[in-house]
1. Rounded to the nearest percent, how much of the accessible area of the stretch 49-120 (1.4 Å probe, protein heavy atoms only) is carbon and sulfur?
2. Give me, ordered by chain and number, the residues 5 or more places off residue 144 or on other chains with an amide H under 5 Å from its own placed amide H.
3. If I stretch the segment between residue 140 and residue 299 completely, what's the gain in nm (0.36 nm per residue apart, minus their alpha carbon distance), one decimal?
4. How many nm separate the modelled label positions at residue 57 and residue 173, each set 7 Å beyond the Cα in the direction of the Cβ?
5. Ignoring ligands, DNA and RNA, what percent of the 1.4 Å accessible area of the stretch 153-281 is carbon and sulfur?
6. Taking the highest mean first, how do the peptides 95-105, 222-232, 205-215 order by number of other beta carbon atoms within 10 angstrom per residue?
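The values are calculated or read from the model by the stated rules, or taken from the named source; none is laboratory data. What you are looking at is a predicted structure, and each value in this text was computed from that prediction instead of being measured. Note: ideal-geometry Cβ built from the backbone for every residue, glycine included; neighbour counts use all protein chains shown. Just the protein is used for accessible areas: all its heavy atoms, side chains included, with ligands, DNA and RNA removed. Shrake-Rupley method; radii C 1.70, N 1.55, O 1.52, S 1.80 Å.
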Amino acid sequence: MKIIVSFLSLLLFASAARAQVKVLLALAKANVAAQQPCSWSDIESRVASRTVDYKAVENGSLRLHIFESKQRQDRHLPVLVLFHGGGGAAEQFFPQARYFADRGMVAISAEWRLKGEKTPLATCIQNAKSAIRWVRTHDAELGINPNRVVTGGGSAGGHLAACAATLDGFNDSQDKAEVSTQSFALVLFNPLLDTTDTGYAPLAKTLLSLNLDPVAFSPAHHIRKGLPPAIMFHGTSDHTVKFENSERVCRLMNEAGNACELVPYEGQDHAFFNFRNQAGDPNEVFWDVVKRTDDFLVKLGCLKPAEIPREPSAGSK
């Protein structure tokens with residue numbers, strides 16, 4: 001009888017062990033799947049997980065378009081906050097946000113002005129800082145690590161991300177100024193970094209006409225030791241924001257003891273990194289920029305390594 005009982009106990013133990021192994025394998029498989037990048041068709045087909053108002057402005061509200069990670073069981077994820085270009089809207093960075101959400105981050109595309117409205121530059125910088133503060137102070141709700149806030153943007157949006165990291169002041173009186181807008185890292189796409197006449201002359205002229213000092217708005221003139229690591233992508237034939245600006249700022253960053261990498265794209269013009277090119281077709285350069293951004297974030301420990309496709313799938317065009 002004792003032998004039978006012992007045998008039954010052994011069978012039950014073995015069955016429980018097999019069940020536990022299955023659970024562990026399923027969790028491991030789910031974790032691997034959560035780290036795999038999405039396809040080209042997926043990148044354009046999904047919408048934000050949710051949208052929240054982060055700031056009330058005179059004629060409405062500014063919103064954050066939040067793309068939640070598949071790794072929802074991890075409540076301490078890094079977060080990527082992206083600011084669209086001056087001629088675009090938050091949807092510009094939806095493809096990048098979808099991609100990095102699939103890769104294991106929370107990704108957010110932030111509005112910084114209402115569509116169709118002209119907003120003073122100082123207010124735009126305030127709005128960007130407000131967005132970063134909202135994200136940082138809602139870490140539990142978002143499931144993010146408030147010390148792993150990566151910021152970035154394209155053109156004017158890149159300027160705002162850089163301003164939030166380099167410029168003091170420009171704080172909305174309704175914000176908690178003690179909440180830092182310094183980022184863990186910067187990802188900048190043909191960013192406007194010099195607002196003086198040696199950088200973006202049209203803006204410098206506008207600022208001077210308003211009796212404002214262009215240097216006060218210029219990240220290039222506020223480089224110092226202790227800034228976050230940065231990666232910049234810039235076309236060598238950019239006719240809007242000079243490639244030289246990114247070259248100069250990256251050199252100044254390195255000379256100050258900061259980590260900065262500039263990735264040049266030979267012959268490319270402004271906004272070369274967007275998901276679709278000017279003809280409306282999937283842009284193969286987009287994937288290269290995403291791959292290099294992915295590598296940068298892996299090195300910083302924000303992502304785990306993964307095999308990333310380099311070309312659009314057949315039929316996606």
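1. Here carbon and sulfur together make up 47 percent of the probe-accessible area.
2. Answer set, sorted by chain and number: 77.
3. The span from residue 140 to residue 299 would gain 54.7 nm if fully extended.
4. 1.9 nm
5. Of all accessible area on the stretch 153-281, carbon and sulfur atoms account for 52 percent.
6. Per-residue Cβ counts within 10 Å, averaged per peptide and sorted highest first, yield 95-105, 222-232, 205-215.
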